[in-house]
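Undergrad: Here it is, the structure in full.
The values are calculated or read from the model by the stated rules, or taken from the named source; none is laboratory data. The structure presented is a predicted model; accordingly, all values stated were derived computationally and were not measured. Cβ coordinates were reconstructed from backbone atoms using ideal geometry, including for glycine residues, and neighbour counts include every protein chain displayed.
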Amino acid sequence: MRTRNVAIVFRKELTDTLRDRRTLISSLLLPLLLFPLLLAGVLGLTILFVQRAERQTAPVMLLGAEHAPELARRIRALENVKVLPASNQYVQWINDKKLQAAVEFPPKLEINLRQTLEQPQSVKVYWYEGELRSRFVLRRIQKIVREYREEIVKARLAAHNLSAADARPFEFEQKNVAEAEKVTGNILGFILPYFIIVLCLTGAMYPAMDLTAGEKERGTMETILASPAGRGEIVLGKFLVVLLTSLATTALSILSFAVTVIAGGSALADISKEFVIQVSARSAATVFVVVLPLAVAFSAALMAVALIARNYREAQGYLAPLMFVVILPAMGSFLPGIELNAKLAMVPILNVSLLAKEIFAGQYPWKMIGMIFGWTCLYAAVALWFAARQFQREEVLFRT
Amino acid sequence: MRLQRIGVVYRKELLDLTRDRRTLVGIFLWPLVLFPLMTVGFGQIEKKVSQRAAKREASIMVLGAEHAPELVARLQKTEGLTPVPASEDYVRQINDKKLQAAVEIPMGFQDTILSGQAPPKVSIYFYNTEGRSERAVDRIEKTFENYRAEVIESRLGARGVTPKLLEPVVAKPENVATAEKVGGIKLGTLLPYFIILLCLMSALQPAIDLTAGEKERGTMETILASSVGRGELVMGKFLLVLSFSLFNTMLSICSFAVTMRFAKDYAAEMTRGFAYTIQPKAMLLVFLTVFPLAVLFSATLLTVALFAKSFKEGQSYTGYVMLAAIFPAIISILPGIELSAGLALVPIINVSLVARELFTGSYPWGLIGLVFAATTVYAALSLWLAIKMFQRESVLFRS
Amino acid sequence: MIDAQKLCKEFQDKKRGKIQAVDQVSFRCEPGQIYGLLGANGAGKTTTLRMLATILAPTGGTAVVGGYDVVREPDQVRAHVGFLSTATALYGRLTAQEMVEYFGRLYGMENGTLKKRIGEIFERLGMNEFRDRRCDKLSTGMKQKVSIARTLVHNPPVMIFDEPTLGLDVMTARTIVGFIRECRKQGKTVIFSTHVMSEAEKLCDTIGIIHNGKLLAEGTLEELRQRYQRPDLEEVFVHIVEAAA
């Protein structure tokens, strides 16, 4: 194995790949543009639509308003709420979305409230479950009723010579003491491992096909095999380009995603003050080291499989199903509360997904990290060996 | 344009396609094997993992336990909470996940409660977004609420008043929308999106194969030299792409329906909120509005792929079409977007939104008609374009 | 010099079972001579040539090419062989110069020597005007020249051509034929395969007729005509093949 030859092959394949328009678009342009556009566009539109829905005038009906004149008055006074005359068609109208909600006051409500009755009264609010605007109106009506209730309670307490403190002996509140990094890490650890793994795979797919089956299709396979470069040197040179492309695509995508989220986050920070986004460089670096052998395994395996194909189209047919084989275990990061153990550490892809989730959350289980790194390196070595072997087999290289 | 010739072209393309083993496996693999497996499998695993997580004991620490012996006693009796001795480094322990929560009771708590002065505040320290910590907090808060309710009752009772004094009126939401409508919203948001995406994606491969693939294999020239007209050739190919796309979509929908029904027992979490009764009338109308969209997709993909010289190139070009189509599809599932006359004219979004209406059992006939008409117009245009392109030598013989 | 010694190549086919593509083929080719391997499609020409170029490994026998054994010293063999199969198989996205440079480097040529050599070759073949043009933008004739340059860059003593004029028009085929003659003039050992009779008649010093993996006959054109009492190569060929059936 002469390093010089590997370098020569690597340089040529890299030049060739970088000049391929398809690679440039799917590996560079797409990740950089897609995420900002998607996130910003989708998020922006969602906010727009939701705000618009909130501002729309909501038709509401009051049933038995005569029993609760004060409440009725308050509801009528709400902005963007239009009270329609009462009718017993309200169920149908709510279903048809002509009406967002109907409020039913029990008979003699306010009269009963002024006397202290034993039974708490309930005001029914009929609505359309799951429908956005109906939910907005429901919440606003609930708020009105809540405020009214508090006034009554205050008055009642005073009447009995009780203070507000009597009604509320003690308070308790939640206080997050976890570092911002850890909180962000938990959220990131949910989806990021999945994306990183899937990106590593998809980023390697196209170059793996192009450099093997594509070479066969173009008729240049024979020529390179007749040159002094040994089979192993050719495989290594090509493999390095596939790996590089895969890592570059992943890194660019994550970067683009991160920038978008941070930019979006600071825009959102004005809306939700508590949200602080912080990512630790240490966890990012550790995850990278853990994912690296997996990327190696992917690149080598994809090349080995794609080499079997006679042309690009056939290669596609072989590689596309592999996506599913990888996606399922990669989804491991979506599962809450799985604890890593020695057995799970052996399962390829799943182990990396779960480990990355832990690392993002700020945990560094060094023994597990070592174990999983070891296992993944083993799988990577097997994949590389398999790829190298494929390149030795004449029936694979010259399949007709 | 002779129907018989179109039929000949169609039958040959169909025969060719069905003999490709890999394509066949691809058609049936996802709907019949992968999707059910993934849904049920994942649902099962998620259920098991969640159950196991919920049963685990949470370690909590009480700081200042001497100030509220009664409260502490309650916490100790609460299921799922295991108190540990107090120590200074609780913040570190919570961060390291060795401790799930810490409760800090201010000085003089018990006395303040009994005397009825300003309410003291108990702090619950926890790890936000961490499941176990949040569950522990839930349990703690529940215990606190129960205790607080008792204190209130005893205090008010001492003055001869019942706690019901404090709950004069409450607003109770009551859903009056039919089950179909409630479940239909969730279904109607996701299903049209998937149907549209499926229609598009399953048309990709045959569209490329029948145009760029034909060029690559060198058989384009041969067929063009035969006595079939260009228009007939296009129609035959287009019909194959269309029927392939529709077949795939139907199969996937059936698989979806069956899996969802079946998964109701095995993976309840994932299938919650989906409607199971869809009126056949609605289903038919959905099909009617999706059909011209499928035509639009098939014809457009066929035209775009025709520009390619090779299979690889065909993939690139059709890939761009896919990207362009995904955006409107995604927009249509955003919350707060409603079908209107204006949106009824926008391709893809209109079909998605009208399907949502139909799934919830509402029939805005005017809008349905508008969507159908608009999509049909677009479909006709795309078909006309496809036929035009097949006439152009610069496209057919690009090299 | 090429010395094939009972070369054998066996394949395993899924449907047809064991196939003997090349069966005990032996022949010699001297420097300054052109050896033509003549046969129909599937006769074993390509497989034989691939074995000589060490692209395929023989399942039996061996060959000495340029003084090195193909089984024991394949690396050395490749360093001394120029192999040309299809004239148009180039890396489309590389320029003509880059294409030739890549292989030159693989042949271990130093930058200085390589640049000089490329300069010479490009000058001689008239390639300077499309030196920096991408290979997929070249005409067939230009592509051919690039392939020739690539084959020659390391000045190998042995040249192996596998159906080099397949699919080329008359004028462009002549360029290849001229090039092959030039190689002979330079004292290189040349072997090429073809199924075009006229080509074999015009070019070859020795002709080997191969059919079903076996070398059925060998000799100069005159010798073959005399031996089999047939007026031209095509008749000789048909006679031999039919007799073997």
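Undergrad: Suppose we filter A:A258, A:A248, A:A281, A:A285 for residues that are away from chain C (no Cβ under 14 Å) and at pLDDT 90 or above; which single one remains?
TA: Numbers: A:A258 fails: at pLDDT 90 or above; A:A281 fails: at pLDDT 90 or above; A:A285 fails: at pLDDT 90 or above.
Unique residue meeting the criteria: A:A248.
Undergrad: Pull up the range B:217-242, narrow it to residues that are closer than 21 Å to B:F311 by Cα and among the small types (G, A, S), then point me to the one that is surrounded by the most Cβ atoms within 10 Å (Cβ to Cβ).
TA: So the residue we want is B:G236.
Undergrad: Further question on the same structure: Tell me, which residue of the range A:308-349 that is β-branched (V, I, T) and more than 8 Å from every other protein chain (Cβ to nearest Cβ) is nearest to A:M209 (Cα to Cα)?
TA: A:I308
Undergrad: Only one residue in C:E129, C:E98 is without any contact (Cβ under 8 Å) to a residue 40 or more places away in the chain and facing chain A (nearest Cβ under 9 Å). Which one? Before you say what the answer is, go through the steps one by one.
TA: Details: C:E129 fails: facing chain A (nearest Cβ under 9 Å).
Answer to the selection: C:E98.
Undergrad: Filter the helices (runs of 4 or more DSSP H) completely within the range B:95-211 down to those with at least 2 residues that are surrounded by fewer than 21 Cβ atoms within 10 Å (Cβ to Cβ), more than 9 Å from every other protein chain (Cβ to nearest Cβ) and free of Cβ contacts under 8 Å to residues at least 24 places away in the same chain. Walk me through how you get there before you give the answer.
TA: Numbers: elements: B:109-115, B:131-158, B:179-208.
Helices (runs of 4 or more DSSP H) meeting the threshold: B:109-115, B:131-158.
Undergrad: May I pose another question? Within the range A:178-191, track down each residue that is facing another protein chain (nearest Cβ under 8 Å), surrounded by 20 or more Cβ atoms within 10 Å (Cβ to Cβ) and either of a type in the set (A, V, I, L, M, F, W, C) or in contact with a Pro (Cβ under 8 Å, 6 or more places away or on another chain) (or both).
TA: A:A178, A:V183
Rundown of residues vs (1) in a helix (DSSP H, G or I); (2) touching a residue at least 60 places away in the same chain (Cβ under 8 Å); (3) not assigned by TED's automatic domain parsing to the domain that holds A:L294, yes/no style:
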{"residue": "A:I141", "(1), (2), (3)": "yes, yes, yes"}
{"residue": "A:E150", "(1), (2), (3)": "yes, no, yes"}
{"residue": "A:F172", "(1), (2), (3)": "no, no, yes"}
{"residue": "A:I187", "(1), (2), (3)": "yes, no, no"}
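Undergrad: Please go through (1) within 11 Å of chain A (Cβ to nearest Cβ); (2) of a type in the set (K, R); (3) surrounded by fewer than 19 Cβ atoms within 10 Å (Cβ to Cβ) for C:R50 and return the number of the only condition it doesn't satisfy.
TA: (3)
Table: residues versus (1) among the acidic types (D, E); (2) surrounded by 15 or more Cβ atoms within 10 Å (Cβ to Cβ); (3) in contact (Cβ under 8 Å) with a residue 24 or more places away in the chain; (4) assigned by TED's automatic domain parsing to the domain that holds B:M220.
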residue	(1), (2), (3), (4)
B:R11	no, no, no, yes
B:L14	no, yes, yes, yes
B:T18	no, no, no, yes
B:F28	no, no, yes, yes
B:P36	no, yes, yes, yes
B:Q51	no, no, no, no
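Undergrad: Something else now. Find the residue count for the range A:27-54, including only residues that are facing chain B (nearest Cβ under 8 Å) and hydroxyl-bearing (S, T, Y).
TA: Total satisfying the criteria: 1.
Undergrad: Of all residues in the range A:112-134, how many are more than 7 Å from chain B (Cβ to nearest Cβ) and either of a type in the set (V, I, T) or surrounded by 18 or more Cβ atoms within 10 Å (Cβ to Cβ) (or both)?
TA: If we filter the range A:112-134 for residues that are more than 7 Å from chain B (Cβ to nearest Cβ), which is where we start, we get A:112, A:114-115, A:117, A:119, A:133-134.
With either of a type in the set (V, I, T) or surrounded by 18 or more Cβ atoms within 10 Å (Cβ to Cβ) (or both) added as a condition, the list becomes A:133-134.
So the answer is 2.
Undergrad: Tell me whether the range A:195-208 contains one or more residues that are touching a Leu at 6+ places or on another chain (Cβ under 6 Å), within 10 Å of chain B (Cβ to nearest Cβ) and at pLDDT 85 or above.
TA: Residues of the range A:195-208 that are touching a Leu at 6+ places or on another chain (Cβ under 6 Å), as a first pass: A:204-205, A:208.
Still in the running and within 10 Å of chain B (Cβ to nearest Cβ): none.
Scanning the range A:195-208, I find no residue that is touching a Leu at 6+ places or on another chain (Cβ under 6 Å), within 10 Å of chain B (Cβ to nearest Cβ) and at pLDDT 85 or above, so the answer is no.
Undergrad: Among the numbered criteria (1) within 17 Å of A:A204 (Cα to Cα); (2) modelled with pLDDT of 95 or more; (3) more than 24 Å from the chain's Cα centre (by Cα), which single criterion is violated by A:V382?
TA: (1)
Undergrad: Tell me the residue from A:A320, A:A342 that is free of Cβ contacts under 8 Å to residues at least 40 places away in the same chain, among the small types (G, A, S) and in a loop (DSSP other than H, G, I, E, B), please.
TA: Details: A:A320 fails: in a loop (DSSP other than H, G, I, E, B).
Selected residue: A:A342, the only one of A:A320, A:A342 that is free of Cβ contacts under 8 Å to residues at least 40 places away in the same chain, among the small types (G, A, S) and in a loop (DSSP other than H, G, I, E, B).
Undergrad: Any chance the range C:60-75 includes a residue that's surrounded by 19 or more Cβ atoms within 10 Å (Cβ to Cβ), more than 14 Å from chain A (Cβ to nearest Cβ) and within 19 Å of C:M159 (Cβ to Cβ)?
TA: yes
Undergrad: Taking the residues in the range A:116-136 that are of a type outside the set (S, T, Y) and assigned to a helix (DSSP H, G or I) as candidates, determine which candidate is farthest from B:G183 (Cα to Cα). Write out each step before concluding.
TA: So the first thing to find is which residues in the range A:116-136 are of a type outside the set (S, T, Y), and the list is A:117-121, A:123-125, A:127, A:129-133, A:135-136.
Filter again for assigned to a helix (DSSP H, G or I), leaving A:132-133, A:135-136.
Values: A:L132: 14, A:R133: 17, A:R135: 15, A:F136: 19 Å.
Out of the qualifying residues, it is A:F136.
Undergrad: Residue check: is B:I331 at pLDDT below 90 and either within 22 Å of the chain's Cα centre (by Cα) or surrounded by fewer than 16 Cβ atoms within 10 Å (Cβ to Cβ) (or both)?
TA: Numbers: at pLDDT below 90: yes; either within 22 Å of the chain's Cα centre (by Cα) or surrounded by fewer than 16 Cβ atoms within 10 Å (Cβ to Cβ) (or both): yes.
Yes, satisfied.
Undergrad: Just checking, does the range C:113-124 include any residue being outside any helix (DSSP H, G or I) and within 14 Å of another protein chain (Cβ to nearest Cβ)?
TA: no
Undergrad: Shifting gears a bit: Got a number for residues in the range A:129-188 being touching a Lys or Arg at 6+ places or on another chain (Cβ under 7 Å) and of a type in the set (K, R)?
TA: Summing the residues that are touching a Lys or Arg at 6+ places or on another chain (Cβ under 7 Å) and of a type in the set (K, R) in the range A:129-188 gives 0.
Undergrad: Please find, among A:G230, A:G219, the residue that is surrounded by fewer than 23 Cβ atoms within 10 Å (Cβ to Cβ), among the small types (G, A, S), out of contact with any Ser or Thr (no Cβ under 9 Å at 6 or more places or on another chain) and within 11 Å of chain C (Cβ to nearest Cβ). Talk me through it step by step, then tell me what you get.
TA: Values: A:G219 fails: out of contact with any Ser or Thr (no Cβ under 9 Å at 6 or more places or on another chain).
Checking each option against the conditions leaves just A:G230.
Undergrad: For the range C:6-54, how many residues are within 20 Å of C:V81 (Cα to Cα) and of a type in the set (F, W, Y)?
TA: Result for the range C:6-54: 2.
Undergrad: Continuing with this model, one more query. Could you look through the range A:369-400, keep only residues that are within 14 Å of another protein chain (Cβ to nearest Cβ) and part of a helix (DSSP H, G or I), and pick out the one that is nearest to A:A300 (Cα to Cα)?
TA: Residues of the range A:369-400 that are within 14 Å of another protein chain (Cβ to nearest Cβ), as a first pass: A:391-400.
With the extra rule that they be part of a helix (DSSP H, G or I), the set shrinks to A:391-392, A:394-397.
Details: A:F391: 11, A:Q392: 14, A:E394: 18, A:E395: 19, A:V396: 16, A:L397: 16 Å.
If we take residues in the range A:369-400 being within 14 Å of another protein chain (Cβ to nearest Cβ) and part of a helix (DSSP H, G or I), then A:F391 is nearest to A:A300 (Cα to Cα).
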